[in-house]
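Here is the structure we will look at, set down as structure tokens.
The values are calculated or read from the model by the stated rules, or taken from the named source; none is laboratory data. These figures come from a predicted structure and were not determined experimentally. So basically every Cβ, Gly included, is an ideal-geometry build from the backbone, and we count neighbours across all protein chains shown. For accessibility, only protein heavy atoms count, side chains too; no ligands or nucleic acids. Shrake-Rupley method; radii C 1.70, N 1.55, O 1.52, S 1.80 Å.
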Amino acid sequence: MQPVPPSDSSSPATWIELWSLREDILLEEQPDDDSVVLRSQWGDLHIPRPGAVLTEALRRMQLGPVQLENVPGTEELAARVRLLTALRQLGGLVVRSIGAPDGEQPLLSVVPTATGVRLDPVLVPEDRLLRLSRFAALRSTGRVSLLESPLSPFRAAFTRPEAGWLIASLGRPITLERAVERLPIARPTAVALLSHLVATGMVEVAEQVAQPHDATFPEDHDPALLPWSHDDLRFHWSSRPGPHDRQFGATYPLRGRQDQPPVLKPAPAGPRISLPRPDPGKPDWDTSLAEALDRRRSVRSHGEQGMTLHQLGELLHRSLRVRSTGDPLSADVLPQASSRPYPSGGACYELEFYLTAGRCEGLEPGVYYYEPLGHELIRLPSDERLGTALLSEAQTGTGMAAPPDLLLTMTARFARVSWKYSGLAYALTLKHVGVVQQTLYLMTTGMGLAGCALGTGNTSLSAEAFGLDWRTESAVGEFVLGSLPAGDETR
Ligand SMILES: Cc1cc2nc3c(=O)[nH]c(=O)nc-3n(C[C@H](O)[C@H](O)[C@H](O)COP(=O)(O)O)c2cc1C
């Protein structure tokens, strides 16, 4: 597509082109060797012998959006062209904005989120339909509205409503003409906004001249994108370093604002049942790890005799107990840590375990919290119907012929992880669920019990049954447990 033409100088401008540096960029002038350095999260960019015009432009652009015509030394066209060429080489460091002639806040700013990308506004074809990408999301940071997409190396930011009106009209295919006639935005301004949005990739252009119901867009048949839902792609994108500029890793985003929840959850009140502890070194079964791995499978039926409290105690003790506390990995930031049989990223150990018992020899049916340090079950004052509903939901999820004997629900105290990590926190929790599920699979196989992971637990039901606010601590995974049916070869 063609570059967008500069605004028509014969009629009063309805928008102006503005340039600035990303907010995180530091400009350092180095008179000794006549260079400037632009420091950013992507490293340092040295510009040798920038010249007075580029240096002044960068100084101003660091302070906010500027019109290049206002930079001293750009009176001649040749100087402006040289400056434009130099700025285009700065790629991901430069923010392009569409300013309003009233000089107030820009109508829209396009911020690069990856190094080496350059926004080239495009001519919006008048006869084609336009549509917002289904992967684009409009959100507020509390101070500014952002349009972003995992597929775009830019985000569009605005604080005034005009761009928001236009974006809102693109939820379904619409022509430039139709969009403009419905909005109180001058046509050239709308064209400029759209030419920038199309260039970010967050607004798509129809592949052919067509009516709205016939139009197809590149995303509609891209085999790489069809399998992705909006939410899954966004989660994947944000949960790993990559094509975005978000905070990532152990950045301690909540330090100083909120305490990290304690390493051990304060135990809920209720009658306690001390669980049997196995001999740490000597199981009364002798499946080797190689055998357990070889034989492991999901078992979706339970034996005539329920599993025993002794077996339950052994399973929970060997898999999920707290082995010790107070052995911090890094004492400065984790005042308390714990050691457990299964690993946990950053030693966060945010998972908690709740047991819904239908049938277990020596244990009353009901809903329990597993206290992993004392190795006890605490009976929760949960309505009997909720326990039954949890087991029935697990039956549906596994397709079992009868409700399972036991359901172990894993919840996560999210803030244990998100207090420390930006970006990867929730992804880490889901990985922890898998770690625990595999630990339980190996243990149940080794012990000759029936086990099956479950991926379909209901957030509201478990929160009600365990008396939790799901925003603080929610179910994130389940495991169905019971005795092995007679004659089952897993044994
Ligand atoms: C994370 C995870 C979630 C699962 N969710 C379910 C489930 O909701 N229902 C079910 O019947 N099996 C579930 N399973 C078990 C798989 O269906 C099973 O592992 C797979 O079919 C392979 O069979 P196998 O485990 O017997 O080797 C899940 C397994 C994992 C690891």
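Data table
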item	result
Scan of segment 17-65 for residues that are acidic (Asp, Glu), in a loop (DSSP other than H, G, I, E, B) and farther than 26 Å from Leu77 by Cα, ordered by number	Glu23, Asp24
Which numbered condition Arg118 misses (of (1) among the basic types (Lys, Arg); (2) crowded, with 20+ Cβ neighbours inside 10 Å; (3) in contact with a Gly (Cβ under 9 Å, 6 or more places away or on another chain))	(2)
Output for segment 421-473, where each listed residue is within 14 Å of Tyr354 (Cβ to Cβ), surrounded by fewer than 23 Cβ atoms within 10 Å (Cβ to Cβ) and touching a Phe, Trp or Tyr at 6+ places or on another chain (Cβ under 6 Å)	Thr459, Ala463
Test result for Ser418, in contact with a helix residue (DSSP H, G or I) (Cβ under 9 Å, 6 or more places away or on another chain) and open to solvent by less than 10 Å² (accessible area, probe 1.4 Å)	no
Residues that are open to solvent by 10 Å² or more (accessible area, probe 1.4 Å), among the charged types (D, E, K, R) and either assigned to a strand (DSSP E or B) or under 12 Å from Leu316 (Cβ atoms) (or both), drawn from segment 341-371	Glu361, Glu371
Some residue of segment 191-206 being over 30 Å from Arg379 (Cα atoms) and open to solvent by 60 Å² or more (accessible area, probe 1.4 Å)	no
Set Ala199, Ala157, Ala192, Ala179: member being more than 23 Å from Leu21 (Cα to Cα) and of a type in the set (Gly, Ala, Ser)	Ala179
Pick from segment 234-271, criterion open to solvent by 70 Å² or more (accessible area, probe 1.4 Å) and small (Gly, Ala, Ser), ranking: farthest from Cys348 (Cα to Cα)	Ala269
Count of segment 317-333 residues which are surrounded by 12 or more Cβ atoms within 10 Å (Cβ to Cβ) and modelled with pLDDT of 55 or more	9
Enumeration of residues in segment 288-311 that are away from the ligand (no atom under 16 Å from the Cβ) and either polar (S, T, N, Q) or surrounded by 14 or more Cβ atoms within 10 Å (Cβ to Cβ) (or both)	Ser288, Gly303, Gln305, Gly306, Met307, Thr308, Leu309, His310, Gln311
One residue from Leu264, Leu363, Leu316 being more than 24 Å from Ser392 (Cβ to Cβ), more than 16 Å from the ligand (Cβ to nearest atom), among the aliphatic types (A, V, I, L, M) and in the same structural domain as Gly387 (by TED's automatic domain parsing)	Leu264
Failed condition for Gly103, given (1) open to solvent by 20 Å² or more (accessible area, probe 1.4 Å); (2) modelled with pLDDT under 95; (3) within 23 Å of Gly171 (Cα to Cα)	(3)
Close pairs from segment 394-423: first in contact (Cβ under 8 Å) with a residue 40 or more places away in the chain, partner aromatic (Phe, Trp, Tyr) and assigned to a loop (DSSP other than H, G, I, E, B), Cβ under 6 Å, at least 6 apart	Lys420/Tyr252; Ser422/Phe248; Gly423/Phe248
Meets criteria (open to solvent by less than 20 Å² (accessible area, probe 1.4 Å), of a type in the set (A, V, I, L, M, F, W, C) and at pLDDT below 95) for Val124	yes
In segment 169-186, the residues that are in contact (Cβ under 8 Å) with a residue 24 or more places away in the chain and open to solvent by 70 Å² or more (accessible area, probe 1.4 Å)	Arg172, Glu177
Condition met for Arg255 (outside any loop (DSSP other than H, G, I, E, B) and either farther than 28 Å from Pro112 by Cβ or in contact with a His (Cβ under 7 Å, 6 or more places away or on another chain) (or both))	no
Residue count for segment 148-163, restricted to those that are more than 19 Å from Ile185 (Cα to Cα), open to solvent by less than 30 Å² (accessible area, probe 1.4 Å) and either of a type in the set (Ser, Thr, Tyr) or free of Cβ contacts under 8 Å to residues at least 60 places away in the same chain (or both)	4
